[in-house]
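For reference, the structure discussed in these notes is given below.
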Amino acid sequence: MGLILFYAAATLTLFASFGVVATRNIVHAALFLLAALAGVAGLFVLLYAEFLALVQLLIYGGAIIIVILFALMLTRSGEYEGETETRRRPFAAVAAALLFGLMTAVFVADAEQFNTNTRQAIPFRTLAEDLFAAWAVPFEIASLVLLVALIGAVVIGRAGREEDETLPEDDGPDDAQEPVRRGSRRRAERRRRGV
């Protein structure tokens, strides 16, 4: 039964990971990433690492995906509609395939070293003592870094919104002034340069 659950979680993780890099919709990529993280959490449960499974679901599957979706909502995605198509996709696919082959070879070569029939769970008390005694300062620093990243996303989103507000032209009477969008100027400049 454990082997069937392992193959199910591994299959979910692999297909969801492929979906993250293959889809062209950024929201679908975030949802595929959530499914991949859930599959990894299932693998942690099979290894009796319940704490890591909870961290995977609550922090990565919950908080990080929500931060990604907030960043998507705060970003003006209209400017980047044509930028998902690039000529570098084949090179990226070849590099990903080579990296996958290398990692598979390394894991297969070292499989005998980690082949064991006995798995032992680490008690939560031991994890808590290590996390909040020996690693308390790095834990707090990591939380501050995440907070700064969230504040930065909000500031960047607000700055972009202010740039998109209509600005009147300097010449001509006030009645004949047409609103000019800086974002549209930027898009036209990118198209002209071929970026």
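At R0 = 35 Å, how high is the FRET efficiency between residue 97 and residue 64 if r is their beta carbon distance? Nearest 0.05 is fine.
Once rounded, the FRET efficiency stands at 0.85.
Students often check this: by mean Cβ neighbours within 10 Å, which of 50-56, 91-97, 20-26 ranks highest, and how do the rest follow?
50-56, 20-26, 91-97
Only the coordinates and a few stated rules stand behind these numbers; no lab work does. Small disclaimer: the values here were computed from a predicted structure and weren't measured. A quick note on method: Cβ atoms are made from the backbone with ideal geometry, for glycine too, and the neighbour counts reach across all protein chains shown.
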